[in-house]
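Accompanying notes for the structure given below.
The values are calculated or read from the model by the stated rules, or taken from the named source; none is laboratory data. Given the structure is predicted, the values throughout are model-derived calculations rather than measurements. Note: ideal-geometry Cβ built from the backbone for every residue, glycine included; neighbour counts use all protein chains shown. The area values use the complete protein model at the heavy-atom level, side chains included, leaving out ligands, DNA and RNA. Shrake-Rupley method; radii C 1.70, N 1.55, O 1.52, S 1.80 Å.
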Amino acid sequence: MLSRVADSMFWMNRYMERAEGLLRVLHTNYVLSLDKGPYGVHTWKPVLQIFGALNEDEIHQLQFNTADVLKYHITDAKNNNSIRSLVNKARENARGMQDHITKEVWEEVNFIYHTVNNPLLEKHLSGEHALATLTNLLKHCLTYVGVTDTTMPRGQGWCFMSVGRFIERGIITADVTLKQFEQIDFQIEDHKDILYWRNLLLSLSGYELYLKTYRSTTTNSNVLNEVIFNNDFPRSVFYTLSRLEKYVKDILEENNPPNKETIYREFGRIHSRVKFADENFIKQVTLRRFLEETKIDLLKFSHLLGQQFFSYA
């Protein structure tokens, strides 16, 4: 497979995974913003800090303006992390390798592209149709996941797509978890009820699993266990690394690159750090450091793969 094609498949899926993650967070926060709840007035500040590139003054001006926040994160072409920008970049990657993806995948990416570039989209985000619009966009992203899963052949292209997806998913989980725990100063022992954790769990689509799985009253520890260690939860850090292990191994065994052992060792270090960790270890190194270093490790590993397979300098 040409490095250009592998690069496009990797980044197409990373962009689409990021778009889905952002939409899930926006949808959750929009719904919660409609209800004051027990923890005061809702603010968009954490979302702006995670997915935006604004300074503190700009965030302060936007944090209580739901319509402007949605426009910034969805339709603002100047925002490199807006849904429109992400989907545009995903489509550009897909367009350059149509011979390597199925017709159904191309059609779905193209459909989402035209949806997010619809001139009426911004108007819908500022009116009574905002929630329905967010729901619709999220469903399209989920449809993309289903279409790729059921139509793409399981060759090298699928492996590069999957590596891109799970690297991005792990980064998003670390980012969103970091921001939620930051609001309680990373005090795992500072008990918060399930209402406090709804934002995080719904943003990661893990609220229902939490209610079905955990019975003890140590809510903070249970949430930490689910989002980091629960191998049945498809957005936990451990699950994403477990799936990465398979696809990285498939790529390395198929291509046998010169730096094969280096890549194995680097990924093994990242995976082992999470696989053999527990709550006591996290308390020793601090939760902030654990999550930040996990994110940085994934970004560095992504760059290492780029240098090896995509001809990055």
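List, please: which pairs have Cβ atoms under 6 Å, are six or more places apart or on different chains, and start with a residue in the stretch 299-313 that is open to solvent by 90 Å² or more (accessible area, probe 1.4 Å) and end with one that is at pLDDT below 95 and not basic (Lys, Arg)?
Close Cβ pairs satisfying both conditions: Ser311/Ser3.
Of everything in the stretch 262-287, what is open to solvent by less than 60 Å² (accessible area, probe 1.4 Å) and among the basic types (Lys, Arg)? Give them in sequence order.
Arg273
Looking at the stretch 260-276, can you tell me whether even one residue there is of a type in the set (A, V, I, L, M, F, W, C), over 16 Å from Phe186 (Cβ atoms) and in contact with a His (Cβ under 8 Å, 6 or more places away or on another chain)?
No, there is no match, as no residue in the stretch 260-276 is of a type in the set (A, V, I, L, M, F, W, C), over 16 Å from Phe186 (Cβ atoms) and in contact with a His (Cβ under 8 Å, 6 or more places away or on another chain).
Give the stretch 246-261 a look and list any residue that's of a type outside the set (D, E, K, R), part of a helix (DSSP H, G or I) and either open to solvent by less than 60 Å² (accessible area, probe 1.4 Å) or under 21 Å from Ile171 (Cβ atoms) (or both), or say none.
Correct list: Tyr247, Val248, Ile251, Leu252.
Go through the residues of the stretch 233-241 one by one and say whether even a single one is more than 15 Å from the chain's Cα centre (by Cα) and surrounded by fewer than 20 Cβ atoms within 10 Å (Cβ to Cβ).
No, every residue in the stretch 233-241 fails to be more than 15 Å from the chain's Cα centre (by Cα) and surrounded by fewer than 20 Cβ atoms within 10 Å (Cβ to Cβ).
Condition check: in contact with a Lys or Arg (Cβ under 8 Å, 6 or more places away or on another chain) and open to solvent by 20 Å² or more (accessible area, probe 1.4 Å). Does Glu182 satisfy that?
When the stated conditions are applied, Glu182 passes them.
Tell me whether the stretch 216-232 contains one or more residues that are part of a helix (DSSP H, G or I), without any contact (Cβ under 8 Å) to a residue 24 or more places away in the chain, closer than 24 Å to Phe186 by Cα and open to solvent by 20 Å² or more (accessible area, probe 1.4 Å).
No - not one qualifying residue is present in the stretch 216-232.
Name the residues in the stretch 1-26 that are of a type in the set (Ser, Thr, Tyr) and at pLDDT below 95, would you?
Within the stretch 1-26, Ser3 is the sole residue that qualifies.
For the stretch 1-62, which fully contained helices (runs of 4 or more DSSP H) count at least 2 residues that are more than 23 Å from the chain's Cα centre (by Cα) and at negative phi?
Where helices (runs of 4 or more DSSP H) fall fully within the stretch 1-62 and carry at least 2 residues being more than 23 Å from the chain's Cα centre (by Cα) and at negative phi, they are 3-33, 56-62.
Please go through (1) over 21 Å from Gly21 (Cβ atoms); (2) among the basic types (Lys, Arg); (3) not in a helix (DSSP H, G or I) for Lys212 and return the number of the only condition it doesn't satisfy.
Against the list (1) over 21 Å from Gly21 (Cβ atoms); (2) among the basic types (Lys, Arg); (3) not in a helix (DSSP H, G or I), Lys212 comes up short only on (3).
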